[in-house]
1. Heads up, I need the accessible area for SER64: 1.4 angstrom probe, whole protein in place, Å², nearest 10.
2. In whole angstrom, how far apart do the alpha carbon centroids of region 121-196 and region 41-94 sit?
3. Pairs of alpha-carbon atoms within less than 8 angstrom and 6+ residues apart define the contacts here; what relative contact order does the chain have, in percent?
4. When the Kirkwood radius is taken over all Cα pairs of region 48-140, what Stokes-Einstein diffusion coefficient follows at 10 °C and 1.306 mPa s, in µm²/s?
5. Provide TYR158, TYR163 ordered by accessible surface of protein heavy atoms (probe 1.4 Å), highest first.
6. Report, to the nearest whole %, how much of the accessible area of region 3-195 belongs to carbon and sulfur atoms, 1.4 Å probe, protein only.
7. Can you give the direction-averaged projected area of the convex hull of the alpha-carbon atoms in the chain, in nm²?
8. Of the cross-linked pairs LYS71/LYS196; LYS15/LYS164; LYS83/LYS142; LYS15/LYS90; LYS35/LYS166; LYS58/LYS146, which ones have a Cα-Cα span greater than 25 Å in the structure shown?
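The values are calculated or read from the model by the stated rules, or taken from the named source; none is laboratory data. Quick caveat, the model's predicted, so the values are computed rather than measured. Cβ sites come from the backbone with ideal geometry, for glycine too, and all protein chains shown count toward neighbours. Just the protein is used for accessible areas: all its heavy atoms, side chains included, with ligands, DNA and RNA removed. Shrake-Rupley method; radii C 1.70, N 1.55, O 1.52, S 1.80 Å.
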Amino acid sequence: MTILQRLIQQAKKPKGFVGSLMLRIMNMAHSGMNKWLIKNGNVYDGDIVLDIGCGGGKTLQTLSKINPSGKIYGIDFSEQAVKDSIRTNKMDVANGKVIVTQASVSSIPYTDQFFDTITAFQTHYFWPDLGNDVKEVFRVLKRGGKFIIISELYKINYHMNAYKTKSEIKQLFESVGFQSIHMIENKGWLCITGTK
Ligand SMILES: C[S@@+](CC[C@H](N)C(=O)[O-])C[C@H]1O[C@@H](n2cnc3c(N)ncnc32)[C@H](O)[C@@H]1O
């Protein structure tokens, strides 16, 4: 395996010391996207929020800050990411405001219509079956709830074979049942928002 392939594998499922180092770097590198999420104003105080592929846990921390009376859940299928997210959000985890669980997007361990808002930063291009995984997200989202994907466009182009274009993504979201789908771009990032 080349060094590049090893780094991609670590970004896809961080593990051990190198994985933890990458999670710290991602926490810093993706903070601009967190700010963009706040600016877009899609998360409201009191919301029950899920961040899928929560990585090093920086987004959980941001979501907790902008949503003081809500509850923030994170899932990630990497054991290392769960450990690091818990460490990043130590206080909020201790007081029960932030809950982090090891789980895959393909089988989200929550009941139907549990969340007001679901976010996914820099992760959907790694999911094993985007069609079914978006259906699983739809299942746990409340009626009127929002699903927000934010990703660098070049990563979508690099990692994905299907759902690379805006019209393909729109079709997928519509076929799953999302009613209002918006896409905006900024600095080479794409934000896709679907409302159930
Ligand atoms: C590039 S990192 C992004 C982490 C974080 N969202 C951020 O913006 O810094 C991708 C994350 O998605 C997680 N991930 C990838 N595939 C997943 C899946 N099928 N289910 C849950 N998490 C997944 C990885 O373990 C990793 O932590």
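1. 10
2. Each part's Cα centre sits 20 Å from the other's.
3. Values: 362 pairs, mean separation 31.8, N = 196.
Normalised by residue count, the contact order of the chain is 16 percent.
4. 122
5. TYR158, TYR163
6. It is 54 percent, rounded to a whole number.
7. Answer in nm², one decimal: 10.2.
8. Violating the 25 Å Cα-Cα cut-off are LYS15/LYS164; LYS83/LYS142.
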